[in-house]
Amino acid sequence: MKRKAIRAELRKESQNFPGYFKYELDIQEEDGTITEGVPAYGKDLQDALQRTVKHDKIEKAEKVFENLPHWVLIIVFTIYMTAIGMTSIRLGQSWPLLAGLGCLLTIMFGIQYLTTEKEIND
């Protein structure tokens, strides 16, 4: 069974962000326990629920990356750079190196953008 919202109650409209509302949710966890009074913010209830789900996914991803040793990231980065460096040397051109670095930067900035919380708290 997945987590699910079993009750939602509109608390108030935001004074700082017109058009946004604060909801209070009761969430039934996977083990059957109920977490009461979880705040959720959004333009409507569906938006507030989506923000809550995204917030939970961000927290799970942060836990994984926090527990990941730094040496693992260093090894992955070294293997990646070696692969694109060897490809560049074999072809005798620099575009594979530039494309590889561009992809790496795009992935890093994409992850940063997706994991940055854009929560509106009032």
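FYI, it's all coordinate maths here, none of it is from the lab. The shown structure was predicted, so the numbers you read here are calculated from the model rather than taken from an experiment. Heads up, the Cβs are rebuilt from the backbone with ideal geometry, glycines too, and the neighbour counts pull from every protein chain shown.
Based on Cα contacts under 8 Å between residues 6+ apart, the chain shows a relative contact order of 18 percent. For q = 0.09, 0.17, 0.20 Å⁻¹, what log10 I(q)/I(0) does the chain give under the Debye formula with an equal point scatterer on each alpha carbon and no solvent? Results for the chain at q = 0.09, 0.17, 0.20 Å⁻¹ read -0.45, -0.91, -1.10. So what is the calculated 222 nm ellipticity per residue for the chain, using -39500 (n - 2.57) for each DSSP H run with n of 4 or more, over all residues, to the nearest 500 deg cm²/dmol? -19000 deg cm²/dmol, from helical runs alone. Each peptide in 105-116, 13-24, 88-99, 41-52 was scored by the mean count of other Cβ atoms within 10 Å over its residues; highest first, the order is 41-52, 13-24, 88-99, 105-116. Overall, the chain carries a charge dipole of about 500 debye about its Cα centre when +1 sits on the Cβ of Lys and Arg and -1 on the Cβ of Asp and Glu, all other atoms neutral. A simple rule links phi to the HN-Hα coupling: the Karplus curve 6.51 cos²θ - 1.76 cosθ + 1.60 with θ = phi - 60°, which for the range 78-84 gives 5, 4, 4, 5, 5, 4, 6 Hz, with x for Gly and Pro. The count of lysine pairs in the range 1-97 whose Cα atoms are under 25 Å apart, excluding pairs fewer than 8 places apart on the same chain, comes to 24. Taking amide H atoms as placed 1.01 Å from N in the peptide plane, the amide H of K43 lies under 5 Å from those of F21, A48, each 5 or more residues away in sequence or on another chain. Using the Cβ of I34 as centre and a radius below 15 Å, the other residues enclosed give a net charge of -3, where K and R count +1 and D and E count -1. Dipole orientation for the range 1-56: of the candidates I27, G42, A8, G42 has the Cα lying most toward the positive pole (charges on Cβ; Lys, Arg +1; Asp, Glu -1). With the largest listed first and rounded to whole Å, the semi-axes of the equivalent ellipsoid of the range 68-122 from the Cα gyration tensor are 31, 16, 4.
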